[in-house]
1. May I ask you to list the residues in segment 85-117 that are within 28 Å of Arg146 (Cβ to Cβ) and within 16 Å of the ligand (Cβ to nearest atom)?
2. Name the single residue, out of those in segment 118-160 being among the charged types (D, E, K, R) and in contact (Cβ under 8 Å) with a residue 12 or more places away in the chain, that is farthest from the ligand (Cβ to nearest atom).
3. Residues Ala171, Ala194, Ala164: which one is of a type outside the set (D, E, K, R), under 16 Å from Ile107 (Cα atoms) and either in a helix (DSSP H, G or I) or within 14 Å of the ligand (Cβ to nearest atom) (or both)?
4. Can you give me the number of residues within segment 199-220 that are more than 16 Å from Gly27 (Cβ to Cβ), in contact (Cβ under 8 Å) with a residue 12 or more places away in the chain and either of a type in the set (Gly, Ala, Ser) or open to solvent by 70 Å² or more (accessible area, probe 1.4 Å) (or both)?
5. Within segment 187-198, does at least one residue satisfy the condition of being open to solvent by less than 60 Å² (accessible area, probe 1.4 Å), of a type in the set (D, E, K, R) and more than 30 Å from Tyr100 (Cβ to Cβ)?
6. Can you tell me how many residues in segment 103-149 are surrounded by 16 or more Cβ atoms within 10 Å (Cβ to Cβ) and out of contact with any strand residue (DSSP E or B) (no Cβ under 8 Å at 6 or more places or on another chain)?
7. If we scan segment 228-248, do we find a residue that is closer than 22 Å to Gln178 by Cα, part of a helix (DSSP H, G or I) and either open to solvent by less than 70 Å² (accessible area, probe 1.4 Å) or out of contact with any Gly (no Cβ under 6 Å at 6 or more places or on another chain) (or both)?
Amino acid sequence: MWDQVQETVQFIQSKFNTVPEYGIILGSGLGNFTEDIIIEYSIPYSEIPNFPVSTVVGHQGKLIFGKVGGKNVVAMQGRFHYYEGYSMQEVTFPVRVMKYLGIQKLIVSNASGGVNPDYEIGGIILIKDHINFTPEHPLRGKNDERFGPRFVNMSEPYSLKMIAKAKEIAAANAIKVQDGIYFGLQGPTFETLAEYNMVYRMGADCVGMSTVPEVIVARHMSLETFGLSVITDIGRDGFLETISHEEVLEAAKMAEPKVRLLIKNLIEGY
Ligand code: HPA
């Protein structure tokens, strides 16, 4: 894995050699954040050695380099999900690559189902913690100390300082944000009503099929991490029958201008 990561990093650096400070993973329906990036170079995943190839509708599959608010960033337009059939090592491979391209901070976005009764569709959640209920751990197996320690401290998976800064930006721009705990499941089925209830009772506020493995691997490598979720459906009676992938994308689009402003200002001002 180490050698593969270094090989991929060297390949990318042979094409474009500016060190990014931020890595950004653009989740469902939030891909248009790329319009906020002054793009200097982009490369399809299919041309990057050792990269998996994205298969989901709404995920285009490109690594984009450029500037946001004067800072160098690398953004993943499209991510890899466990439910697509990739191993957790494959799902998180790009995070490792971004780390060795030089990022210090990782921003992750996703769409999720809300179970907190105070949430609404289109709501923006600053993820403050997560519960990992995915079936395979990305750090299972022999630990390579060059990446990070065997036993990873997960007491602050999402940077409290970045959350505070995002709240400040939200308040200054009259954008409503709430914080919450994200519950990671493997998918690809949306949750049954009983499962949404379980998620709620287990102490989470929203549930989705991504983010958790990427954040674990980011923390393994001591990256400062920020996670944002857009509530695209509510997991309670009356809403369940309407949920489809298209509706998830549509709800995410509603929140997109606000999410773009938040992320842009966070990168610029943090
Ligand atoms: N569950 C899981 N993933 C999701 C959901 C959901 O309700 N909504 C958007 N992504």
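The values are calculated or read from the model by the stated rules, or taken from the named source; none is laboratory data. Source: prediction; values computed, not measured. So basically every Cβ, Gly included, is an ideal-geometry build from the backbone, and we count neighbours across all protein chains shown. These area figures cover heavy atoms from the full protein model, side chains too; ligands, DNA and RNA do not enter into them. Shrake-Rupley method; radii C 1.70, N 1.55, O 1.52, S 1.80 Å.
1. Val91, Val108 - these are the residues of segment 85-117 that are within 28 Å of Arg146 (Cβ to Cβ) and within 16 Å of the ligand (Cβ to nearest atom).
2. Only one residue tops the list, namely Arg146.
3. Ala164
4. 4
5. The answer is yes, given that some residue of segment 187-198 is open to solvent by less than 60 Å² (accessible area, probe 1.4 Å), of a type in the set (D, E, K, R) and more than 30 Å from Tyr100 (Cβ to Cβ).
6. Residues flagged as surrounded by 16 or more Cβ atoms within 10 Å (Cβ to Cβ) and out of contact with any strand residue (DSSP E or B) (no Cβ under 8 Å at 6 or more places or on another chain) within segment 103-149 amount to 4.
7. yes
Per-residue answers, yes or no, for (1) surrounded by 13 or more Cβ atoms within 10 Å (Cβ to Cβ); (2) at pLDDT 95 or above:
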residue	(1), (2)
Thr8	yes, yes
Val19	no, yes
Gly27	yes, no
Phe33	yes, no
Tyr41	yes, yes
